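In what follows, a single structure is set out as structure tokens and then discussed.
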């Protein structure tokens, strides 16, 4: 069984690798990721971050549920491993191009409407 620190580092590295979110440690990456992560992934990753924080306090660490941490780690890891960074990049570029094309069509339509209305065409 991996340690809590190793699991938190693994989730943090997956967030950085798959989503491109930088930061020092899992907590910082979770704050910066924001809405890139679903609520349930943020919640379960926050459990791991809290357990990592409690590592320095052995008595407090005993209050954490190892089964829940295992489940949270597996859920986060499986969701993050499904993300394809290249596909996300492609979708973002295509979305930007789509918005630009729509804006261009709107401006061209308004310009043609103006020309017709003013009697130039």
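Readers should treat all values here as calculations from the given coordinates under stated rules, not as data from a laboratory. Source: prediction; values computed, not measured. Every residue, glycine among them, receives a Cβ derived from its backbone with ideal geometry; neighbour counts consider all protein chains shown.
How much mean residue ellipticity at 222 nm does the chain get from its helices, if each DSSP H run of length 4 or more adds -39500 (n - 2.57) and you divide by all residues, to the nearest 500 deg cm²/dmol?
-25500 deg cm²/dmol
May I ask for the angle, rounded to the nearest 10°, between helix 85-118 and the longest principal axis of the chain, with both axes built from Cα atoms and the value confined to 0 to 90°?
Here the helix axis deviates by roughly 20 degrees.
Suppose R0 equals 35 Å. What FRET efficiency, 1/(1 + (r/R0)^6) with r the Cβ-Cβ distance, do residue 94 and residue 22 give to the nearest 0.05?
Taking R0 as 35 Å, the efficiency between residue 94 and residue 22 is 0.90.
Most fluctuating residue of 110, 60, 96 in a GNM of the chain with Cα springs under 10 Å: which is it?
Taking springs between Cα atoms under 10 Å, the residue moving most is 110.
For a quick check, take a GNM of the chain with Cα springs below 10 Å and name the residue from 33, 72, 102 with the largest mean-square fluctuation.
102
Identify which of 30, 55, 80 has the largest mean-square fluctuation in a Gaussian network model of the chain, with springs joining Cα atoms closer than 10 Å.
Result: 55 has the largest fluctuation of those listed.
Give the angle, between 0 and 90 degrees and rounded to the nearest 10, that separates the Cα long axis of helix 39-53 from the longest principal axis of the Cα atoms of the chain.
40 degrees
For residue 43 and residue 60 in one chain, what is 0.36 nm times their gap in residues minus the Cα-Cα distance, to one decimal in nm?
Here the answer is 4.2 nm.
Distance between the C-alpha centers of the stretch 66-121 and the stretch 7-25? Whole Å please.
Cα centroid of the stretch 66-121 versus Cα centroid of the stretch 7-25: 24 Å apart.
Over the stretch 1-83, what relative contact order in percent results from Cα pairs under 8 Å that are six or more residues apart?
Value for the stretch 1-83: 35 percent.
On C-alpha positions alone, give me the angle between the axis of helix 66-81 and the longest principal axis of the chain, in degrees, nearest 10.
30 degrees
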